[in-house]
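Reviewing the structure listed below.
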Amino acid sequence: ENKVIHVATVKNGTIELEAIPYDGVYDGQAHNAFTSISTKPSDVKLEYSLDGNEYYEEMPTITNTSEFTVTVKASKEGYKTQITTETVKVSKAEGKLTLSATSGTITYPSNTTFTVSGNTGALSVSSNNNNIATASVSGNTVTVKSGTTAGKATITVTSAATSNYEAQTKTYIATVNMGTITLSADAYTGNYDGKDHNAVSNVKVTPSDATLTYSLNGGEFSSTIPKVNGATTYTVVVKASKAGYATK
């Protein structure tokens, strides 16, 4: 009797595992943690873990803006278990914001409004020059008020960042024109009588609180109506001014 002993060394098979994690932008939808998983052999058992300790057969999903790791374990009898850990990510989406108008013209002291829609965050507004125009927001309505200086002001509307959206800004150009003053006066006309007479009378101005000043024959302006008494012709200038209005 004779014996031959053969020692057979058996190694576990090798599992090939490739997992592509989800990396996208927030869209309000739930997405599987992995966009694709490929294995060889194809009939391995797949399990998933968020902490590397507890595994579940159901693939995790991601919806809101966040970033975390998911571990995938592929196993099969006769094969060495294969594990890979990948980072799953959802980034903030671009904020949304729509203005009903992007420009407008105002004549002091009036104001104008425009509406905001589609905003994804809380609204705020600001003006780059409050002397020209100021802005405020109530609900979805922005009110632009003319200042006392003519020109153009940029009104910036901001939709604040949220957990899922970036901040978004849009601009509105406000053109402000000065208000119009109406002014009339009657010049004195008469025969010499040796007395002083007001150079003008019946002065009417709108708005009524405009400041009135007077100049006689090109002289300095004064708030006092000049007097005339000599037998000659005079030139009288009446000037009406008020902040926010074009001088008349």
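Quick notes on this one:
- Any hit, region 192-204, residues being within 30 Å of residue 147 (Cβ to Cβ) and in contact (Cβ under 8 Å) with a residue 40 or more places away in the chain: no
- Lone unmet requirement of (1) over 30 Å from residue 121 (Cα atoms); (2) among the aliphatic types (A, V, I, L, M); (3) crowded, with 16+ Cβ neighbours inside 10 Å; (4) touching a residue at least 40 places away in the same chain (Cβ under 8 Å) for residue 174: (1)
- Search result, residues across region 144-164 that are over 13 Å from the mean Cα position of the chain (by Cα), of a type outside the set (A, V, I, L, M, F, W, C) and surrounded by 15 or more Cβ atoms within 10 Å (Cβ to Cβ): 145, 146, 147, 148, 149, 162, 164
- Search result, residues across region 80-109 that are open to solvent by 70 Å² or more (accessible area, probe 1.4 Å) and within 16 Å of the chain's Cα centre (by Cα): 94, 96, 98, 100, 102, 103
- For region 48-76, a residue qualifies if it is open to solvent by 30 Å² or more (accessible area, probe 1.4 Å), outside any loop (DSSP other than H, G, I, E, B) and either touching a helix residue (DSSP H, G or I) at 6+ places or on another chain (Cβ under 6 Å) or of a type outside the set (Gly, Ala, Ser) (or both), and the qualifying residues are 56, 61, 67, 68, 69, 73.
- Close pairs (8 angstrom Cβ cut-off, 6 or more residues apart or separate chains): more than 11 Å from residue 102 (Cα to Cα) and free of Cβ contacts under 8 Å to residues at least 24 places away in the same chain in region 113-124, open to solvent by 50 Å² or more (accessible area, probe 1.4 Å) and in a strand (DSSP E or B) anywhere: 117/98; 118/98
- Qualifying residue in region 218-240 (condition: open to solvent by less than 60 Å² (accessible area, probe 1.4 Å) and either closer than 30 Å to residue 99 by Cβ or within 39 Å of the chain's Cα centre (by Cα) (or both)): no
The values are calculated or read from the model by the stated rules, or taken from the named source; none is laboratory data. Just so it is clear, the structure is predicted and the values come from calculations on it, not from any experiment. So basically every Cβ, Gly included, is an ideal-geometry build from the backbone, and we count neighbours across all protein chains shown. Protein only, heavy atoms only, side chains kept; ligands, DNA and RNA dropped before computing areas. Shrake-Rupley method; radii C 1.70, N 1.55, O 1.52, S 1.80 Å.
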